[in-house]
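Visitor: Sharing a structure below in structure tokens format, with a few things to ask.
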Amino acid sequence: MARFFHTVLALTALTFAVAPPAVAETSDPVADATAFRKYFTEKFPQVKLEDFVNGAYAIDEAMRRQWQAIEQFPPYEFSLETGKEMFAQPFRNGKHYADCFPNGGVGIRQDFPYFDAKEGKVVTLELALNKCREANGEPPLAYDKEEMAALTAYMAFTSRGKPFDIKIPDDPRAREAYENGKRYFYTRRGQLNFSCASCHVQTPGERLRAEVLAPALGILNAMPIYRSEWGGMGTVSRRFITCNSQVRGVPLEPQAEEYRDLEYFLSYVSNGLPISGPGARP
Amino acid sequence: MASSIRVRAISSGDLTEVQVLIQHPMDSGFVKDGKGEIIPPHFIKELTFEHEGKKIFVADWGTAISKDPYVKFSFKGAKKGDELKVMWVDNKGESDTTTAKIQ
Amino acid sequence: MTIVYNGFRRLILKGGITAALTGFCNIPLGFAPARAAANDKYPEGAFTTKNQADAIRMLYGKAAEPSDKVKLDAPEIAENGAVVPISVGADLADVTSIALLVSDNPNTLAAFYKIPAGTMPSVANRLKMAKTSNVTAIVEAGGKLFSATKEVKVTVGGCGG
Amino acid sequence: MSMIQVGHLKSTLPLALAVLVGAAVSAWAASSEADFKAAYAAAEAANTEAGILRNQWTVTATALAEARKAAEKGDFDQAVTSSKEAEALAKASIFQAIQEKEAWKALEIR
């Protein structure tokens, strides 16, 4: 019966959430990114722009101290080392991950996701890694598991400090992917009727249970992350999936088009902020 | 196989600061897995540090040490280039040893 | 600030990998030095006791006195009970051991550190905390016991440490 | 349930509430296996539709599982109640998805 009551609550909340009809317009990604950055820098005037990549630790001093204690010898170090070994290990055909990427895969994290004109879709780093494996006759890795996290951890690590450089080519399909990602970010879902923005735009810095919510600006720069709550590493895919379940929404399949578009949007609006992954988070 | 032990030992003046991180599940025996079955305890009980054959720090650990445990301490009497031996043994009798150079 | 910090992290990782290269796996511990004193034995009983006073008695055979010479650094609110960074230091001479206890964990004793002469009376580690609880540090110095206690709030429990 | 009917939900909260009240009231009378099957099919259909909208709720799946479990035990009163609850939840998730087609813009940073 408790859930029955919740249903009524959820419906009531939905009714009150009815917004005045918004004017339909095509958005301007450059203006979006400027507004996004302005929103967060005005909300947290004491936080330096490049420090937003450290999530809640940029905002909460007590948490920052715990984090710094943990960063003295970060728990993602083992994963990072595994990732480095995996990256160097040749496939059975003798080729390497390095052969699939520009610059041998080193220092390129900031260029992902990108819009692939040939396929007409957004390609994330995780997707590119599995495409590379499949092109070389290897089975794909699970998107939400530790091996994928280890590989992306290593690739992020070699890119630390490089600013996100996401491009939206002059292609209506790329623009549409960006728009879809933006819509996904702001759309309320799950029984709790939360959007990504409910937590990471409207209430960052506040506590949800014990966790201090991270601002959306720079949130993907730290990926993948070691979460104490998981006792292990998680990819962008894993983070999106858990966010969905936490608001009691059924997650989409990893690397679903919606998730890739969301990553495209979120990365784009954090352009200029440095890659800081792998990160450690509660 | 890579060691389960990562050591950072940095000498500064007379003092050497030692930090280690060990890859170990540190299962307490109080946690259930996805199927609702208790994960049996599996944790490091003793961690020993030796410098020139002398024990300089011994940690006795129970079940409340975090997964992938970390410890930091400092000691006197070592210099750069000296070797530091680190060894652990857990409740199942498994163990690992490594030797690190003080930097 | 951040640039310096990133550089710092990059540096320390390199250190970790270098040290790792010298590692060996699963070499049995057959060579424990003969110097072993009575208190070198793993205090099995103290580690499996629920009650804090009992654990302290089993460990030392006496009780500890609160002292401001024991410096216990623990967060007021743990960001996650699974990993709570805690450190202890002491302004005391002749320190021979440091113990850490979490009063409301299933087993109260978390760690017992033996401090030989020449080793600083200071240690940092990461503990699991099942719920909000007092954390107590006990420093043994010159045969006497001194303690400090601090409450750590835990809202996301650390799996029943 | 068709998309057209869902369209009504968007503008009429009372209808959504009526579904819920119906769920509560139906538990008063003893239910048969046929009642369960009908209620369950309706709930599943609504949840499938939520799936097409890419907006299912985890709690709907939980209520559906509870309904199946109760039916297996022969407790059809409970099975019907859980099915109706699942249906109400699924409909609420459909309502949410349709609502958000425009409402999301209210949250946008500009």
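The values are calculated or read from the model by the stated rules, or taken from the named source; none is laboratory data. In this text the structure is predicted, and so the values were computed from the model without any measurement. Reconstructed Cβ throughout: ideal geometry from the backbone, glycine too, with neighbour counts over all protein chains shown. To get the accessible areas, we keep the full protein, side chains included, count just its heavy atoms, and leave off ligands, DNA and RNA. Shrake-Rupley method; radii C 1.70, N 1.55, O 1.52, S 1.80 Å.
Visitor: Can you report the number of residues in the stretch B:65-93 which are more than 7 Å from every other protein chain (Cβ to nearest Cβ) and more than 12 Å from B:ILE5 (Cβ to Cβ)?
Guide: 10
Visitor: Mind checking which helices (runs of 4 or more DSSP H) fall wholly inside the stretch C:1-110 and carry at least 1 residues that are at pLDDT 90 or above?
Guide: The qualifying helices (runs of 4 or more DSSP H) are C:44-47, C:52-60.
Visitor: If I filter the stretch A:145-168 for residues that are touching a Phe, Trp or Tyr at 6+ places or on another chain (Cβ under 6 Å), among the acidic types (Asp, Glu) and under 30 Å from A:TYR76 (Cα atoms), do I get at least one hit?
Guide: Checked against the condition, which is being touching a Phe, Trp or Tyr at 6+ places or on another chain (Cβ under 6 Å), among the acidic types (Asp, Glu) and under 30 Å from A:TYR76 (Cα atoms), the stretch A:145-168 yields no hits at all.
Visitor: Step by step: first the residues of the stretch A:181-209, then only those that are hydrophobic (A, V, I, L, M, F, W, C) and free of Cβ contacts under 8 Å to residues at least 60 places away in the same chain, then the one that is nearest to the other protein chains (Cβ to nearest Cβ). Which residue is that?
Guide: Among them, the one singled out is A:ALA197.
Visitor: Report, by residue number, each residue of the stretch A:237-265 that is assigned to a helix (DSSP H, G or I), in contact (Cβ under 8 Å) with a residue 40 or more places away in the chain and β-branched (Val, Ile, Thr).
Guide: A:ILE241
Visitor: I'd like to verify a number: residues in the stretch D:44-72 that are over 24 Å from A:GLN246 (Cβ atoms) and either of a type in the set (A, V, I, L, M, F, W, C) or at pLDDT below 95 (or both), how many?
Guide: Matching residues across the stretch D:44-72 total 4.
Visitor: Quick one: in the stretch A:165-198, of everything that is open to solvent by less than 20 Å² (accessible area, probe 1.4 Å) and more than 15 Å from D:ALA103 (Cβ to Cβ), which residue is modelled with the lowest pLDDT?
Guide: A:GLN191
Visitor: Looking only at residues in the stretch A:238-278 that are surrounded by fewer than 19 Cβ atoms within 10 Å (Cβ to Cβ) and of a type in the set (Ser, Thr, Tyr), which one is farthest from D:TRP57 (Cα to Cα)?
Guide: Step by step, filter the stretch A:238-278, then rank; the result is A:THR242.
Visitor: Right, here's the next one. Could you run through the stretch A:61-90 and say how many residues are more than 22 Å from the chain's Cα centre (by Cα), crowded, with 16+ Cβ neighbours inside 10 Å and more than 10 Å from every other protein chain (Cβ to nearest Cβ)?
Guide: Residues in the stretch A:61-90 being more than 22 Å from the chain's Cα centre (by Cα), crowded, with 16+ Cβ neighbours inside 10 Å and more than 10 Å from every other protein chain (Cβ to nearest Cβ): 1 in total.
Visitor: Looking at the stretch D:71-93 only, could you name the residues that are buried (at least 24 other Cβ atoms within 10 Å of the Cβ) and of a type outside the set (D, E, K, R)?
Guide: Listed by number, the residues that qualify are D:ALA79, D:VAL80, D:THR81, D:SER82, D:SER83, D:ALA86, D:ALA88, D:LEU89, D:ALA90, D:ALA92, D:SER93.
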